[in-house]
Amino acid sequence: MQTQNIPTHLLQDLSPLHFKIERVNHVNRYNPLRVHRHDYFEIFVFEEGGGYHLVDFEKVPIQPRQIHFVTPGQVHQMHRANDSHGYVLLFSEAFYHFNRERSDFLFLLPFFYHKSGYPTVVLSADEFRDCLQIVDNMMAVFESKSSQKKSVLQSYLNIFLCNCLDSYERQKPTSGQKSPALALFQQLQIAIEKNFRSIHDVAAYGDLLATSPRQINALCKKYAGISAVEFIHRRLALEAKRLLFYSDANISEIGFELGFEDPAHFSRFVRKSTGRAPSEWRKHEGV
């Protein structure tokens, strides 16, 4: 059974192209007082900022020259100051990957899919000017009647994301070429994101990745600082919190959707993982 009480906005309802760009202003096309999620990626580019962005229980301040990234399925709500403005980009995974050999690029970007820290990057004045020029170009192409609109927009989107990644890595430099261990850990992240509702077992993820549970555990300890069980449970607990806090589905239905056939087992899991019983999350008290 799928819980449908958290509003989910569908990109196909907004654009048959599966891409959309528009100006950010203080007029919303949906109820801004209600949290929601999307079946698409959303990127906010703030020229001027103020207020905050609630993303999965985290209040992210909105700042000038800042870019916010929202992953499909994340529960969020924007509380912009009246003078906040910029652009918002909306696109599907299929739109981005059309005619591309790499199918994992969006998963591996540090901004998407529940990586550590805020899903934001603040750019220097020069970096932001360059990114804003790309966004302005996207807006012009999106509003045009070009026969090559889709291909051009895909190219601009890729350049924009690569520029964001380049800025992010300059701010948080890495140790150089990606190691085989890091590559395997990123594959684990992809596998968990795709399967966390149905697979809770470390050994099962080892089978998917053709490696041992011991290696999976070592990767999680090295790159996430927690055990593999904790890493899997953290993703599962986030979805449980979302559904318990924001949806009207009953606790048993939510547990069943997340792979728990026994409601008592689900209740114990939630209490252990979040420090609250499921019924306490239903009360909509302070997060």
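Compared with the dominant Cα axis of the chain, that is its longest principal axis, helix 125-142 is turned about 80°.
Which one is right for this structure if Kirkwood radius over Cα pairs in Å is calculated from it: [x] 19.7; [y] 20.5; [z] 21.6? Identified label for the calculated read-out: [y]. Legend: distances between Cα atoms for 20/194; 20/59; 194/222; every pair falls at or below 31 Å.
Between 15, 89, 273, the Cα set farthest toward the positive side of the dipole of the chain (charges on each charged residue's Cβ, about the Cα centre) is that of 273. Shape class of the range 8-171 from the alpha-carbon gyration tensor: rounded, with the ratio a/c of largest to smallest axis under 1.5.
Magnitude of the charge dipole for the range 8-171, about its Cα centre and with charges confined to Cβ atoms of Lys, Arg (+1) and Asp, Glu (-1), is about 320 debye.
Exposure proxy for 199, 159: other Cβ atoms within 10 Å of each Cβ, ordered fewest to most, give 159, 199. The angle between the Cα long axis of helix 213-223 and the main principal axis of the chain comes to about 50°, on a 0 to 90 degree scale.
Relative to the current alpha-carbon distance between residue 222 and residue 79, full extension at 0.36 nm per residue lengthens the span by 47.9 nm.
Placing unit charges on the Cβ atoms only, positive for Lys and Arg and negative for Asp and Glu, gives the chain a dipole magnitude near 420 debye about its Cα centre.
Helix 228-246 and the longest principal axis of the Cα set of the chain meet at an angle near 70°. Summed over qualifying helices (DSSP H, 4 residues or more, each -39500 (n - 2.57)) and divided by its residue number, the chain shows a 222 nm mean residue ellipticity of -13500 deg cm²/dmol. When you count the other C-beta atoms within 10 angstrom of each residue and take the mean per peptide, 64-76, 124-136 line up highest first as 64-76, 124-136.
Any read-out appearing in this document is the output of simple, stated calculations on the displayed coordinates, not a laboratory observation. Everything numeric here is computed off the predicted structure, so don't read it as measured data. Backbone-built Cβ (ideal geometry, glycine too); neighbour counts: all protein chains shown.
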